Amino acid sequence: MLKLEKRQVKIISIVIALVFMGSVVALALTQTGSGIASAASSVNVGVVDRDAILSQHPDGQNFQTQMNAAIEEVQKDFEEKSKGMTDQEKADYYRQCQQRLAQKQSELMEPILKSVDDTIKKVADSKGLSVVIEKAVVVYGGTDITQDVISRLTKK
């Protein structure tokens with residue numbers, strides 16, 4: 001009988017500990033939630049559609065022309081060099097060609113993305129926005145600065 005009582009005491013102790021831990025977690029979540037809500041109300045949020053900006057970027061046409069030239073060059077190179085290759089060698093060389101194209105795309109796109117990011121920052125600063133989020137992830141609210149960014153980019 002004494003053994004059964006010790007077991008019951010252990011179970012009761014564990015239940016009390018779990019209830020206490022649950023209370024602490026609940027208290028922490030309620031305190032954190034109010035902090036987030038008050039912080040969000042003091043932050044000015046902007047939204048931007050990067051795809052629209054990139055599609056109207058002044059250097060977009062130049063980027064597309066250079067990428068098309070690179071694709072043609074890689075296609076010709078692949079056709080010439082793969083004539084005597086086995087299927088496995090062709091597959092390996094094709095992957096190398098794809099990697100070269102991805103590298104070229106990255107090199108050409110880097111300055112465009114940098115100019116977009118810099119312009120977004122300038123527009124956000126001029127409008128007093130402390131955060132700018134991609135428009136596609138916003139359900140409601142925020143100041144849309146997409147057209148302002150496009151205007152500033154196309155004036156340069």
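Values in this text are rule-based calculations from the coordinates and carry no lab data. No experiment lies behind these values; they were computed from the predicted model shown. We place every Cβ from the backbone using ideal geometry, glycine too, and count neighbours over all the protein chains shown.
Observations
- Dimensionless Rg/Rh of the range 36-118 - Kirkwood Rh, Rg from C-alpha atoms: 1.26
- Normalised by residue number, the volume inside the convex hull of the Cα atoms of the range 85-130 is 60 Å³ per residue.
- For K122, a cut-off of 12 angstrom between C-alpha atoms picks up these aspartates and glutamates, skipping any fewer than 8 places away in its own chain: D148.
- log10 of Debye I(q)/I(0), alpha-carbon scatterers only, for the range 50-94 at 0.14, 0.21 Å⁻¹: -0.51, -0.70
- Around F63: net Lys/Arg minus Asp/Glu count, Cβ-Cβ under 12 Å: -2
- Taking chymotrypsin sites (Phe, Trp or Tyr not before Pro) across the range 82-156, the ones in a DSSP loop with at most 15 further Cβ atoms lying within 10 angstrom of their Cβ are Y140.
- Burial ranking of peptide ranges 115-123, 57-65 (average Cβ count within 10 Å, highest at the top): 115-123, 57-65
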